[in-house]
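One structure is given here, and the rest of the page talks about it.
Nothing in this text is a laboratory measurement; each read-out follows from the coordinates by a stated rule. Not measured: the values here are computed from a predicted model. Every residue, glycine among them, receives a Cβ derived from its backbone with ideal geometry; neighbour counts consider all protein chains shown.
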Amino acid sequence: MKLRAALASLWITASLLAADAPKEIVIFDGKSMGDWQSVDAGGSGTIRVEDGQMIIGTGDSITGAIYKKADKLPLTNYELTLEAQRLEGNDFFCGLTFPVGSLKTCATFILGGWGGAVTGISSIDGADASENSTGHYLSLDDKKWYRIKLRVTPENLSVWVNDKKEVDVDIKGKKIGLRAGPIEEYAPLSLTTYQTTAAIKNVKVTPIAGK
């Protein structure tokens, strides 16, 4: 009887923990563009859904889509995950613009920019990913999936690529903003490329507990 009671108690505890666990929100399901809207910043390429993926085509400059219901998602204490690959081109194939505490305060995680290898956050204290401490070179292969996890808290921005932490920057007291130019048209939450064709899938947002 004691064993049965102990097992019942464990089951109840596990059920309560599961009920309290943050639930992921799928914001691109691979079936349609849904709440995503393409934006033409001038010479942008086309975007389509194919084989469960968002295909962002090559344009003269930036091509991308905005998530129209960003105001329904957490603005801090969240993780955003996705998978991306570069199909052709030699510049960034994942420009993930995201809110940082407010819909009016945003930054962009760049994967493979400035000729195909620079990775980091634009912008911090007015410096983009090629100029600030988050920017570094990362060897990236075409037609290979990269798993990306972005974590946003009031104090920190972190990004993992294929489970390796590539960005870890404290932002308390720093000015966060977008790089001046066409990327400003893609706030507050978007996926973009620059003169590059990319495939994106499995885009999800998960609230996380604050400190």
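Checking every one of the GluC sites (Glu not before Pro) in the range 112-211 against DSSP loop status and a limit of 16 other Cβ atoms within 10 Å picks out 131, 155. Seen against the Cα atoms of the chain and their longest principal axis, helix 2-20 is set at about 30 degrees. Net charge dipole, the range 25-207: roughly 480 debye, given to the nearest 20, about the Cα centre with Cβ charges of +1 for Lys and Arg and -1 for Asp and Glu. Taking a straight line from the alpha carbon of residue 175, these lysines sit under 17 Å away, with near neighbours fewer than eight places off in the same chain left out: 104. Computed from backbone phi with θ = phi - 60° and the Karplus coefficients 6.51, -1.76 and 1.60, the 3J(HN,Hα) list for the range 142-159 is 6, 6, 10, 6, 10, 8, 10, 10, 9, 10, 10, 10, x, 9, 8, 10, 9, 9 Hz; x is used for glycine and proline. Look at the dipole of the chain built from charges on Cβ: of 80, 182, 110, the Cα furthest out on the positive end belongs to 80.
How would you classify the range 25-207 from its alpha-carbon gyration tensor, with a ≥ b ≥ c the square roots of the eigenvalues: rounded for a/c under 1.5, else prolate if a/b is greater than b/c, otherwise oblate? It is rounded, given that a/c, with a ≥ b ≥ c, falls under 1.5. In the chain, the DSSP-assigned H stretches of four residues or longer account for a calculated mean residue ellipticity at 222 nm of -3000 deg cm²/dmol, using -39500 (n - 2.57) per stretch and the full residue count as denominator. Per-residue extension of 0.36 nm, minus the Cα-Cα distance of residue 155 and residue 88, leaves a gain of 20.5 nm for this segment. Provide the FRET efficiency to the nearest 0.05 for the residue 29-residue 104 pair, computing r from the beta carbons and using R0 = 41 Å. After rounding to 0.05, the efficiency reads 0.90. Backbone phi angles across the range 199-211, fed through the Karplus curve with coefficients 6.51, -1.76 and 1.60 (θ = phi - 60°), yield HN-Hα couplings of 10, 10, 8, 6, 8, 9, 10, 10, x, 10, 6, x, 6 Hz in residue order; Gly and Pro are listed as x.
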